[in-house]
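To keep things clear, I will list the structure first and then write my remarks on it.
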Amino acid sequence: MLYRKLKGSNIFDGYTLRGENKVLIIEESGIVEAIVDEKDAGEGITDFDGILCPGFINAHCHIELSHLKGKIPQHTGLVNFVQSVMQERTAGAEEKHNAIEDATRELYDSGTVAVGDICNTTDSISIKQNGNMHWHNFIEVSGFVPAGAQKRFDEASKIMNAFITALKAPENTIALVPHAPYSVSATLFGLLNNASANKTISIHNQECAAENELYMSKSGGFLELYNNFGIDISSFLPTGKRSLESWLPYFTLQQKIILVHNTFTKKEDILFAANITRNDQLFYCLCPNANLYIENTLPDVEMMLQQNCNLVVGTDSYGSNKQLNVFEEVKTINKKFPTIALATALKWATINGAKALGIEKIAGSFETGKKPGVVLLGEVAKRVV
């Protein structure tokens, strides 16, 4: 058996920094053998200037929106951002394909090994057929008018079946998921609950203050969005509760849920969720650079850490980010929340993300038998294996 012996200034194993003078031993195929003391590693060690880290898990991305790079202004707020995305989505097939291809290459080169990807179309299938990353495809469904719920569900089901057929992927890696509480009716939530039993799903959660206002009192900025797009919300009745309290009870069939953004999630929301759902079923995804791009604010990450939330990291899309590099998200977390240790944020971007996508047996950490990829962290992140 041929082995590679890799040594950096430190090794992060998916859980903790192991300190200096440690060597990562992997098979030529990339399967981890062990982490040993340098004195026990023998000859043939390759030295790197930086931290060696398992490949990143990008828990939330919209790769099909890569053609929006640089097209949507910053700091407009979510309501205006959503309208801009809907208006800018028109692009030719070749432009979209090339943008997706470039973005996928960026993900790979900067160390991402797995992606929780939001899909509204089949635009990304051809890239994923020939790729060398793990893709968990979330087929997103929206529709705030109850009368149109079945039609929207059926249309999304066709897209899901196209992914299943083309990618020949396990069905547990492809799921129908709700877009956001402000774009999914109670009827559609019910259909999605039944369709996603025991699956991993995602939902954009409490990304702006207007989302809570909508459910509390049927007020706020989303009323303008519905009016601008001719969406009749006369049938919508406010719950008098915050958004998370209003939508989470719809999911009753052992779903694992990735809640994305959580920019305006409060301690009371997390306590509510903890009371009705097992902790290992909820993952809170941080996309800090997108939060700053859109709302120019961040979730209360320190509070979420104190409440023992399972935190993971995503990049969102090129509509709301200047890059799709998970390490840049980690760096932003450390810059904005200096009390949070680097190893803690790296754990969110590696083993926690792997658990969220259900691939912790093969990725996310340097444990014997896994094939997690190897990334070198310095000023930038660079794939080594």
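The values are calculated or read from the model by the stated rules, or taken from the named source; none is laboratory data. All of these numbers come straight from a predicted model, not from anything done at the bench. We place every Cβ from the backbone using ideal geometry, glycine too, and count neighbours over all the protein chains shown. When the accessible area is computed, the model is the full protein with side chains, heavy atoms only, and any ligands, DNA or RNA have been set aside. Shrake-Rupley method; radii C 1.70, N 1.55, O 1.52, S 1.80 Å.
Assorted remarks:
- Angle between the chain longest axis and helix 186-195 axis [Cα atoms, degrees, rounded to 10]: 40
- Considering only Leu286, Ser320, Ala349, and ranking their Cα positions along the charge dipole of segment 277-371 that arises from unit charges at the beta-carbon of Lys, Arg, Asp and Glu, the one farthest toward the positive end is Ala349.
- Share of carbon and sulfur in the accessible heavy-atom surface of segment 229-385 [1.4 Å probe, %]: 51
- In plain terms, the chain from Ala341 to Gln307 could stretch by 10.6 nm, reckoned as 0.36 nm per residue minus the Cα-Cα distance.
- Degrees separating the helix 267-276 axis from the principal Cα axis of the chain, which is the longest one: 90
- For segment 258-266, Karplus couplings with θ = phi - 60° (6.51, -1.76, 1.60), whole Hz, Gly/Pro x: 9, 8, 9, 5, 6, 4, 10, 7, 10
- Across segment 249-255, rounded Karplus estimates of 3J(HN,Hα) from the backbone phi angles (6.51 cos²θ - 1.76 cosθ + 1.60, θ = phi - 60°) give x, 5, 9, 10, 10, 6, 6 Hz, Gly and Pro being marked x.
- Taking all protein chains into account, the per residue accessible area for the chain stands at 41 Å² (1.4 Å probe).
- The calculated FRET efficiency for Lys241 paired with Glu20, based on their beta-carbon distance and R0 = 35 Å, is about 0.10.
- What you get for the chain, charging only the Cβ of Lys and Arg (+1) and of Asp and Glu (-1), is a dipole of about 480 debye around the Cα centre.
- Summed over qualifying helices (DSSP H, 4 residues or more, each -39500 (n - 2.57)) and divided by its residue number, the chain shows a 222 nm mean residue ellipticity of -10000 deg cm²/dmol.
- Accessible-area composition of segment 83-175, carbon plus sulfur, in percent [1.4 Å probe]: 48
- This model, with +1 at the C-beta of Lys and Arg and -1 at the C-beta of Asp and Glu, gives segment 341-385 a dipole about its Cα centre of some 140 debye.
- DSSP beta bridge pairing in segment 1-152, given as percent antiparallel to the nearest 5: 40
- Gyration tensor (alpha-carbon) shape descriptor, segment 213-341, a/c threshold 1.5: oblate
- The angle separating the long axis of helix 93-109 from the principal Cα axis of greatest extent in the chain is about 40 degrees.
- Taking all Cα-Cα distances within segment 15-148, those exceeding 23 Å account for 52%.
- Accessible-area ranking of Lys241, Lys335, Lys355, largest first, probe 1.4 Å: Lys335, Lys241, Lys355
- Extension gain, Asn172 to Thr252: 0.36 nm times the residue separation minus the Cα-Cα distance gives 27.0 nm.
- Filter on Lys347/Lys371; Lys322/Lys382; Lys335/Lys370; Lys241/Lys331 - keep pairs with C-alpha separation over 24 Å: Lys335/Lys370; Lys241/Lys331
- Cα-centre dipole for segment 1-90 with unit charges at Cβ (Lys and Arg positive, Asp and Glu negative), debye to 20: 560
- Set of segment 77-96 residues, backbone N closer than 17 Å to the point 7 Å along the Cα-Cβ line of Asp102: 89-96
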